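Student: Sharing a structure, written as structure tokens. Questions coming.
What follows draws every value from the coordinates through simple rules; no lab data is involved. These numbers were taken from a predicted model, which means no experiment stands behind them. When we count neighbours, we look across all protein chains shown, and the Cβ atoms used for this are built from the backbone with ideal geometry, even at glycine.
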Amino acid sequence: MTYSLVLQATAFHSTGPESFEILENRLFCINRDGTLGAVLAPGDPACGPCLDESKRAGIFTRLGKGQFLLPGFIDTHVHAPQWAQVGKALDTNLPVWLKNYTFPLEAAYKNLDFAQEIYADLVDTLTANGTTTAQYFGSVHPAPNKLLADICAAKGQRAFIGKVVMDLPDQCPDYYRDESAETALADTEEFLRYCAGLNRTVPQDIVGVITPRFIPACSDEALRGLGALAAEYGAPVQSHCSEGDWEHAFVMARTGLRDTKAHLRYGLLTQRTTLAHSVYLNDDDAVLYKKYGANIAHSPLSNIFFAGSVCPVRRRLDQGVIVSLATDISAGYTPSMFDAMRQAVLSSRILTSGTDPAAPAARRGSPGSAIDFRHAFYMATLGGATALRIKAGQFKKGNAFDAFVFDCNAPYSTAAAMKATRLRICCKK
């Protein structure tokens with residue numbers, strides 16, 4: 001038999017922002033390279049022979065009652081060095097949080113023993129929470145970024161990793177910044193090559209990402225150079241865009257452009273660009289995202305603390321913008337994409353209804369902004385795969401078999417009270 005595993009299970013996956021499918025009692029036939037060779041439904045003529053042959057070959061397994069298969073989650077915005085301070089100092093504003101807490105912590109990763117301990121724990125924790133793919137901001141230092149790539153490769157997590165570029169002296173501390181735009185670009189290019197070499201040795205993807213921290217932290221020379229590298233290597237790009245009032249106003253004052261158009265001017269708005277937050281976009285910005293294929297890494301938890309507003313993801317989805325989902329560790333205080341999905345739904349309801357009880361209902365919120373579990377699940381799976389241009393996020397022939405088991409029988413789980421029949425009924429509704 002050509003398959004390495006045949007799994008009988010009921011699975012759930014997204015087929016679009018508002019569509020959802022239950023795959024009842026399917027045979028998932030996994031190739032030796034980890035891709036799905038076939039998904040066979042009961043009644044398919046190939047189902048019986050496949051079942052019999054896989055049992056004879058000793059490669060058949062079946063999920064138990066109350067267990068379901070879900071696509072691995074895709075977290076498109078994680079600050080790997082910040083795992084050591086997850087959920088801390090969230091009572092401050094963003095500039096203070098960066099200056100007093102985050103930059104000193106990230107600078108500590110030049111100690112590779114410290115980096116090894118934190119990064120190994122982070123990758124283990126994310127995968128234990130169902131995140132099979134993560135897009136990471138690393139640090140300024142080259143060596144710990146390579147270490148993070150090595151750890152992801154060894155532990156089997158698909159990873160998109162960026163060496164952070166921040167070279168502007170008046171915005172970045174002396175102890176934690178690139179020496180110059182020239183060194184930042186050289187280190188970035190070397191890291192892209194390192195990841196490309198590592199990628200050839202593992203079954204999953206390990207991809208280097210062009211990563212300006214955000215426009216306020218980078219010189220024009222660095223930004224233009226990063227855009228040139230993105231074009232030369234066809235590399236992914238990640239950054240922050242229109243996160244809060246401060247960043248949005250800073251970019252406008254410095255460049256005379258809105259954040260989105262500034263990224264475009266530097267060559268950093270491409271079909272492989274992930275821009276975290278993107279809260280303060282206008283409709284013209286959204287048109288550019290759609291035109292160039294860039295995606296929003298929706299970070300609902302961290303937006304509560306630092307964005308000062310709620311990203312209107314329903315509007316962006318309706319406009320044809322690709323929207324993925326992110327924990328945004330560590331301003332996002334949890335590694336769980338389940339939590340991120342919940343908060344995405346909650347935030348959208350808050351945006352719809354408004355927050356000021358003194359305001360008349362008709363003027364209190366933004367009607368039509370609410371999303372539900374279908375949108376959230378899409379963003380965490382298929383939306384993330386679309387954003388990163390990977391064949392995952394859905395149980396489809398030819399896709400990577402990135403999956404985890406959702407066990408309603410797990411002790412102390414909120415899912416334990418939900419019988420399998422109830423789960424099916426809820427999802428169908």
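Student: Could I have the simple spin-label model distance between Arg349 and Asn31, label points 7 Å from Cα toward Cβ, reported in nm to one decimal?
Tutor: 4.3
Student: Which value in deg cm²/dmol, rounded to the nearest 500, describes the helix-derived mean residue ellipticity at 222 nm for the chain, given -39,500 (n - 2.57) per DSSP H run of n ≥ 4 and division by the residue count?
Tutor: Details: 16 runs with 163 residues, N = 429.
Roughly -11000 deg cm²/dmol at 222 nm, from the helical runs in the chain.
Student: Considering all alpha-carbon pairs of segment 294-402, what whole percent are spaced by more than 16 angstrom?
Tutor: Distances greater than 16 Å cover 60 percent of the Cα pairs.
Student: Roughly what % of DSSP beta bridges within the chain run antiparallel, to the nearest 5?
Tutor: On the way: 21 of 56 bridges.
If I count the DSSP bridges inside the chain, around 40 percent turn out antiparallel.
Student: If you filter segment 6-78 for trypsin sites (Lys or Arg not before Pro), then keep DSSP loop positions with at most 16 other Cβ within 10 Å, what is left?
Tutor: Values: sites: Arg26, Arg32, Lys55, Arg56, Arg62, Lys65; in loops: Arg32, Lys65.
Here the trypsin sites (Lys or Arg not before Pro) that fit, given the DSSP loop and packing criteria, are Arg32, Lys65.
Student: What lysines sit close enough to Lys88 to cross-link, taking a C-alpha to C-alpha distance under 30 Å and skipping anything fewer than 8 places away on the same chain?
Tutor: Correct list for Lys88: Lys99, Lys110, Lys146, Lys155, Lys163.
Student: Additional query: Evaluate the distance, in nm, between pseudo-label points positioned 7 Å from the Cα of Trp246 and of Glu24 along their respective Cα→Cβ axes.
Tutor: 5.4
Student: Follow-up. Quick one: give the max-minus-min coordinate of the C-alpha atoms of segment 147-298 along each principal axis, largest first, in Å.
Tutor: Sorted from largest, the Cα extents of segment 147-298 read 45, 36, 25 Å.
Student: How far apart, in nm, are two points set 7 Å out from the Cα along the Cα-to-Cβ line at Val405 and at Thr201?
Tutor: Taking the simple label geometry, Val405 and Thr201 are separated by 3.2 nm.
Student: Expressed in nm to one decimal, what extension gain is obtained for the pair Ile59 and Gln319 from 0.36 nm per residue of sequence separation less their Cα-Cα distance?
Tutor: Working: separation 260, 0.36 × 260 = 93.60 nm, distance 4.52 nm.
Extending this stretch completely gives an extra 89.1 nm.
Student: In terms of Cα to Cα distance under 21 Å, which lysines are near enough to Lys65, apart from those fewer than 8 places away along the same chain?
Tutor: Lys65 reaches Lys55, Lys419, Lys428.
Student: Across 10 Å bins from 0, what is the distribution of all Cα-Cα pair distances for the chain, in whole percents?
Tutor: Per 10 Å bin, starting at zero, the Cα-Cα P(r) for the chain comes out as 5, 21, 31, 25, 13, 5, 1 percent.
Student: If we count every other residue with Cβ under 12 angstrom of Leu346's Cβ, Lys/Arg +1 and Asp/Glu -1, where does the sum land?
Tutor: Taking every Cβ under 12 Å from that of Leu346, the sum is 0.
Student: For segment 201-218 and segment 113-158, what is the separation of their Cα centres, given in Å?
Tutor: 13
Student: Evaluated at 37 °C with a viscosity of 0.692 mPa s, what Stokes-Einstein diffusion coefficient in µm²/s does segment 1-122 have when Rh comes from the Kirkwood expression over alpha-carbon pairs? Intermediate values should be presented prior to the final figure.
Tutor: On the way: Rh = 18.5 Å.
My calculation gives 177 µm²/s for D.
Student: Nearest 20 debye, what's the magnitude of the dipole of segment 73-388 about its Cα centre given +1 on Lys and Arg Cβ and -1 on Asp and Glu Cβ?
Tutor: Result for segment 73-388 is approximately 1020 debye, rounded to the nearest 20.
Student: Also, I was wondering about something else. What relative contact order, as a whole-number percentage, does the chain give when Cα pairs under 8 Å and 6 or more residues apart are counted?
Tutor: With pairs under 8 Å counted, the relative contact order is 19 percent.
Student: Highest mean first, how do 112-118, 374-380, 339-345 rank when packing is the count of other Cβ atoms within 10 Å averaged over residues?
Tutor: With the highest mean Cβ count within 10 Å placed first, the list reads 374-380, 339-345, 112-118.
Student: Hey, how many Å between the Cα centroid of segment 277-334 and the Cα centroid of segment 64-91?
Tutor: One Cα centre to the other: 18 Å.
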